[in-house]
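The values are calculated or read from the model by the stated rules, or taken from the named source; none is laboratory data. Computed from a predicted model, the values in this text were never measured in an experiment. Reconstructed Cβ throughout: ideal geometry from the backbone, glycine too, with neighbour counts over all protein chains shown. For accessibility, only protein heavy atoms count, side chains too; no ligands or nucleic acids. Shrake-Rupley method; radii C 1.70, N 1.55, O 1.52, S 1.80 Å.
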Amino acid sequence: IKPLPNLRTRLLASLLGFLTLIGLLLLPAFPSQTAVIVLDPGHGGNDSGADRGNKFAEKQFTLALAQKIAALLEARHRVELTRTADVQMAPADRAAVANHLRADLMISLHAAVAPYCSDRTAAVYYHNDERLKIPFGMSAKGMPTELDADQQAWNRLQIQHQHQSQHLATTLKQSLGDSDTFDSVSVSGIPLVPLMGADLPAVLVEVGCMHPAASTDPQTLKQQLDWFAASLANAIETALPGLVP
């Protein structure tokens, strides 16, 4: 006959095992995070971007949109914002955030400016620097500096991912075009300083239309943001399988 302490130990171990099993069964099932997504709300701080008649500037619009998209995606993915407050950021710092996180994709969010847009149109841009020439002594931040080898390498990081970024832009265009939110979506490759240092697939998306001379009812604006966020979150989910190994 084994001593009582050993029996007591076995009983406690069995009880703990039973309670652990019950706890695991009662815990909600959380899906594994499959991608790291960086959302970059354009502008911020002293850089307001375009203004609406009701003083809801583009910097506020892009931050609110990024937060709504993140809320829709964060149950399945790790979603990070380059800024979470009204602060100004250098273009290179935005790409640096995505690089540091080893993100799977980066989307910079902006709005278009009337009269060259409508709330039913969107545009997706990928970085193409074929026509981009940075003068000697001028950095991407616009500050005088000597362009050393490291700076030149930084300015060309995104070019290594141009094919993937163009594919990402095309996939987003198709998904956004299939939604009920937009009537037309365009894709273009242009020089984009905020994306040139991104060492990953990255695009810039313009949704919404800023009307400087017209005000928007707050409830209407909220509804528009909800529509844009839902369409973009769905488009990102659609594009991810082609990017994430």
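Among the residues of segment 90-110, count how many are open to solvent by 40 Å² or more (accessible area, probe 1.4 Å) and part of a loop (DSSP other than H, G, I, E, B).
1
When you scan segment 194-213, how many residues do you find that are over 15 Å from the mean Cα position of the chain (by Cα) and open to solvent by 10 Å² or more (accessible area, probe 1.4 Å)?
Total meeting the criteria: 3.
Applying the selection to segment 111-123, what residues are part of a strand (DSSP E or B) and over 16 Å from residue 58 (Cα atoms)?
Once the filter is applied, which keeps residues that are part of a strand (DSSP E or B) and over 16 Å from residue 58 (Cα atoms), segment 111-123 yields only 121.
Exactly one of (1) at pLDDT 95 or above; (2) surrounded by 17 or more Cβ atoms within 10 Å (Cβ to Cβ) is unmet by residue 238. Its number?
Every condition holds for residue 238 apart from (2).
Those residues that are charged (D, E, K, R) and open to solvent by less than 40 Å² (accessible area, probe 1.4 Å), I need them from segment 120-129; list them, please.
If the condition is that a residue be charged (D, E, K, R) and open to solvent by less than 40 Å² (accessible area, probe 1.4 Å), then 129 is the only one that fits.
Could you please find all residues in segment 35-57 being touching a residue at least 12 places away in the same chain (Cβ under 8 Å), part of a loop (DSSP other than H, G, I, E, B) and not acidic (Asp, Glu)?
35, 42, 43, 45, 46, 49, 50, 52, 53, 54, 56, 57
State yes or no: is residue 222 closer than 15 Å to residue 125 by Cβ, part of a helix (DSSP H, G or I) and among the charged types (D, E, K, R)?
no
From the set of residues in segment 58-76 that are closer than 19 Å to residue 211 by Cβ and in contact (Cβ under 8 Å) with a residue 60 or more places away in the chain, which is surrounded by the fewest Cβ atoms within 10 Å (Cβ to Cβ)?
Residue satisfying both the conditions and the ranking: 64.
Look through segment 164-193, keep the residues that are touching a helix residue (DSSP H, G or I) at 6+ places or on another chain (Cβ under 6 Å), open to solvent by 10 Å² or more (accessible area, probe 1.4 Å) and part of a helix (DSSP H, G or I), and return whichever of them is farthest from residue 154 (Cα to Cα).
175
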